[in-house]
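Chemist: I have a structure I would like to understand better, so I am pasting it below and will then ask my questions one at a time.
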Amino acid sequence: SINKGLPLFQLFKTDRDNNDSDAEIQNPLKAITKKTLQGKLQEQLDTITSTIKAETIKQANKTLEKLNEMDPDLASQITPTFDDPSWQNIFKFSLDTDQIPLNKRGSGTRRLILLNFFRAEAEQAKDESNSNNIIYAFEEPETAQHIDHQKILMESFKKIAEQANQQVLITTHSPELAGLTDVDNIREVTQNNYISKIDNSPSLLRISDELGIFPNILGMPGKLRMVIFVEGPNDVKFLRLFLSKYCSDFVTQNDLLIIPFGGGALKHWLDLDILKSINPCTYYIFDNDKAGREYERKLEKLGKKLSSHVWKLGPIEFYFPYETYLHEATSINKSRHNTDPDKLLTIISKENYHIADYKKNIEPVKGALWSKFKEITDNGQLASYWSSDSNINSEFKNLAAELKSCYEND
């Protein structure tokens, strides 16, 4: 009865010992069975179990009554018992192939199936507001997986963990994998004289020393003059173009570095600390949205004195030309017209472009816009749009002046 009130705990071990008896790795569908048998379905199965138990014990007692008439000594030695069935072991199904059975496949293949189990689970979790309490524990998910697969897996873990009644625990020695989660979610587990200790606010520099991580910094001490921190890789591309057009007088010295820190990636947070010994001028640029404000809060929490700029229009996709947005949104609607007419995008007007709802109107076109970034950069369309828009041009000139002041007063 106590067990029914506890969250379902599903442990996925690393299979480096190649133990064929490890059913969690060999056949991940068992985890689906366990979860399916929770909640309302478990209540129905409990009712069936109780009914069968009552009938069998009733019949057993009648049998003992008759036995007592013939051999009282033997009857007194017998007690009716009933073991509750393990339903998850009764229902069995698997993913079979025409050639090689799943449990004979390589570790990478088996764990790839696990990866997609979690991706499916993450998608389902979004639609289930009342799903059961469950804890997923995964030991070294990077084992035998390509780095691209690791990133997809971590995104699925994040989606699952966003649910109020679901939790994901991961153990890893990989700084790259740890770097894909938020810094607040990192715990350090150490052991001394067989006594384990968990540090909920570990020193990232100590972790780097423990794991043997070397910072990835361009420039040598004394040569790196300025570092600009931005949220992600797209921001790096965007800022490089901005610097070449508005700050060309001081970006040619090869002493300026742009570092993306989005997501609280571990290696980037380490870079932030290690730069103390180099002591360059540091500047932070954030999107004017919830995520940008959260990044700013975390840096302030670390005691950082910020010299920063917040993009006035919001996320940087708003700085793409309206014509590029219109072309890509129209192309998407054309492709969906016959295949998915219920998901046509609402085309916003040029007058409403910079005040549009980013989540609703711009984010669905984000991938298409960035696929055009190189083209509109090479042909000068993007830079020309910046200079022709008075609000953008004014903002960029002010930002350039701030960056130059930071650079020169290092």
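The values are calculated or read from the model by the stated rules, or taken from the named source; none is laboratory data. Keep in mind that what you see is a predicted model, and the values were worked out from it rather than measured. Positions of Cβ are generated from backbone atoms using ideal geometry, with glycine treated the same way; all protein chains shown enter the neighbour counts.
Chemist: Does residue 300 count as more than 29 Å from residue 390 (Cα to Cα) and within 28 Å of the chain's Cα centre (by Cα)?
Modeler: Yes; evaluated as a whole, the condition is true for this residue.
Chemist: Can you run down the residue pairs with Cβ atoms below 8 Å, 6 or more apart or on separate chains, where the first is in segment 181-210 and modelled with pLDDT of 85 or more and the partner is assigned to a helix (DSSP H, G or I) and among the β-branched types (Val, Ile, Thr)?
Modeler: Close Cβ pairs satisfying both conditions: 186/207; 188/207.
Chemist: If we only count helices (runs of 4 or more DSSP H) wholly inside segment 280-399, which ones have 2 or more residues that are among the acidic types (Asp, Glu)?
Modeler: Filter on segment 280-399 gives 290-301, 322-339, 373-378.
Chemist: Please specify each residue of segment 376-402 satisfying the condition of being touching a Ser or Thr at 6+ places or on another chain (Cβ under 9 Å) and either within 24 Å of residue 331 (Cβ to Cβ) or crowded, with 17+ Cβ neighbours inside 10 Å (or both).
Modeler: 376, 381, 382, 383, 385, 396
Chemist: Could you grab me the full set of residues in segment 387-410 that are among the aromatic types (Phe, Trp, Tyr) and at pLDDT below 95?
Modeler: 407
Chemist: Further question: Given the criteria in a helix (DSSP H, G or I) and either exposed (fewer than 15 other Cβ atoms within 10 Å of the Cβ) or at pLDDT 80 or above (or both), does residue 65 qualify?
Modeler: Yes, satisfied.
Chemist: Is there any pair linking a residue in segment 229-255 that is surrounded by 15 or more Cβ atoms within 10 Å (Cβ to Cβ) and modelled with pLDDT under 90 to one that is part of a helix (DSSP H, G or I) and among the polar types (S, T, N, Q), with Cβ under 8 Å and at least six apart or on different chains, and which?
Modeler: What qualifies is 251/244.
Chemist: Same structure again: Against the definition (touching a residue at least 60 places away in the same chain (Cβ under 8 Å) and of a type outside the set (Phe, Trp, Tyr)), how does residue 399 come out, yes or no?
Modeler: Yes, satisfied.
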